[in-house]
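Take a look at the structure below.
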Amino acid sequence: MMFERYGIPEEFCDLDRRIMERCRKQFAECESIRDVVQLKVLDSFIKNRIGLQHLGQSTGYGYGDIGRDAFDRLFADCVGAEDALCRPHILSGTHALTVALFGILRAGDRLIAATGRPYDTLQPVIGLTGEGYGSLMEFGVSYDEVPLVDGEPDYEAIAAKAPFADVVHIQRSRGYEPRRAFSLADIRRISDTVRSVNPKAIIFVDNCYGEFTDTEEPLSAGADLIAGSLIKNPGGAIAPTGGYIAGKHELVEKCGHRLTSPGTGRELGSVPGGMRDYYLGLYFAPQVTCEAKKTSIYAAALFEEIGYKAVPSYRMPRNDIITSIETKSPENLIALCEEIQASSPIDSFAAPVPDDMPGYDDKIIMAAGAFTQGSSIELSCDGPMREPYVAYLQGGISLTASRLALLKAAVRMRH
């Protein structure tokens, strides 16, 4: 009955109770994964002897920043990597991927995307779209891709193209595609397929939105390198900016020299605000990611109940924190985003409107009333204004608050 005071009709309050009961098994599975990962993160803090001295700030060049360097070691332990490069100087998930690709590819090399065309903002990096601002193709890297078949990897085609690859790219999450996110089992099968025909290929996974959704990370499933954003899952809604690259030591080192400059590498880069928020965010990440997964499950069950297609279904395992909802009309897509924004702790008074965004061909509507601008681990919703008007719901650091926002949207879309 707690939602009635917010104008939620009684029938939807009853629906909320039924959905919560229906999702009990799926919630328990999320919590089981959370518990395993939380203890793993705690063990890593203890193993790396993290102390108050690591939380402080540095200025200038940042030489000898013990907090920054210890965080690299800590993060590497948490994701099962030999090494990691975690920096506030990495501006986004796309920037992390860009640094990694330019770090490990050279002129004459070939990049093959094994899971179809990468999402919109990575296409100018490769050279598939954009105005020619220094893409991989401009620097002499060739590109090919293996289209998905009904949203699934085409393993036969991967085996045919992998012998010619220097780097094989796997996108774990879906971008603006209404497919499921790929599991560790999928990533392992792709990796095994590539290794069977080309043992020297570097397997690189875009891990955005997927961190801590399982008890292991893609490095345990055959990947050589992973990258992502610290204002998504691994920042625990506390890290204010940044990104990471993690995996084999020699690959991470190459990326460090691409992030700064050849010769200085990872030794350079101060953190004037200190590292406290990054350590605290990583510690909270398993719990926050669990809440986001539960929000995703709840949303799928709710909108399926009132007649909208959700991917993945609430019954399916979660390999990232995103649920896509086929809203069927531009009015419904706008309504869903408006209600998410109106129920946000920050900028609840703002009205999201479709507009042009860098890196995208279609107008995008985006609801993101977050404490950290663009933080996808906090409840947000966005989508391109094109048929079938799919909304991509992400995050949710509080299941209770997320339920209210989703119920308000469901009421508008139902009536």
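The values are calculated or read from the model by the stated rules, or taken from the named source; none is laboratory data. Keep in mind it's a predicted model, so treat the numbers as computed, not measured. Cβ placement follows ideal geometry from the backbone for every residue including glycine, while neighbour counts extend to all protein chains displayed.
Miscellaneous remarks
- Considering residues of segment 318-356 that are of a type in the set (S, T, N, Q) and touching a residue at least 60 places away in the same chain (Cβ under 8 Å) only, the residue surrounded by the most Cβ atoms within 10 Å (Cβ to Cβ): T323
- Scan segment 61-84 for residues that are under 14 Å from E217 (Cβ atoms) and either of a type in the set (K, R) or outside the structural domain of A227 (by TED's automatic domain parsing) (or both) and the total you get is 0.
- Looking only at residues in segment 338-386 that are among the charged types (D, E, K, R) and closer than 19 Å to T327 by Cα, the one that is modelled with the lowest pLDDT is D362.
- Test: residue in segment 161-170 that is buried (at least 19 other Cβ atoms within 10 Å of the Cβ) and within 15 Å of the chain's Cα centre (by Cα): yes
- Here L91, L97, L184, L122 are screened, and the one residue that is of a type outside the set (F, W, Y), farther than 27 Å from P358 by Cβ, assigned by TED's automatic domain parsing to the domain that holds G269 and under 16 Å from the mean Cα position of the chain (by Cα) is L184.
- A count restricted to segment 137-193 and to residues that are part of a helix (DSSP H, G or I), among the small types (G, A, S), over 17 Å from L219 (Cβ atoms) and touching a residue at least 24 places away in the same chain (Cβ under 8 Å) stands at 2.
- For segment 194-215, the set of residues classified as under 21 Å from T295 (Cα atoms) and in contact (Cβ under 8 Å) with a residue 40 or more places away in the chain consists of C208, Y209, G210, E211, F212, T213, D214, T215, listed by residue number.
- Close Cβ contacts (under 6 Å, 6 or more residues apart or on different chains) running from residues in segment 85-97 that are surrounded by fewer than 24 Cβ atoms within 10 Å (Cβ to Cβ) to residues that are of a type in the set (G, A, S) and outside any strand (DSSP E or B) comprise P88/G242; H89/G269.
- Residue among G242, G236, G222 that is small (G, A, S), under 22 Å from Q287 (Cβ atoms) and touching a helix residue (DSSP H, G or I) at 6+ places or on another chain (Cβ under 6 Å): G236
- In the set (1) of a type outside the set (D, E, K, R); (2) part of a loop (DSSP other than H, G, I, E, B); (3) surrounded by fewer than 24 Cβ atoms within 10 Å (Cβ to Cβ), the condition left unmet by A223 is number (3).
- Within the span defined as segment 247-261, every residue fails to be in contact with an Asp or Glu (Cβ under 8 Å, 6 or more places away or on another chain), assigned to a loop (DSSP other than H, G, I, E, B) and crowded, with 24+ Cβ neighbours inside 10 Å.
- Neighbours by Cβ (under 6 Å, 6+ apart or cross-chain): first from segment 35-64, closer than 22 Å to R266 by Cα and part of a helix (DSSP H, G or I); second modelled with pLDDT of 95 or more and among the charged types (D, E, K, R): S44/D77
- Selection within segment 84-116 - under 26 Å from S375 (Cβ atoms), part of a loop (DSSP other than H, G, I, E, B) and out of contact with any helix residue (DSSP H, G or I) (no Cβ under 6 Å at 6 or more places or on another chain): P88, H89, L91, S92, T115
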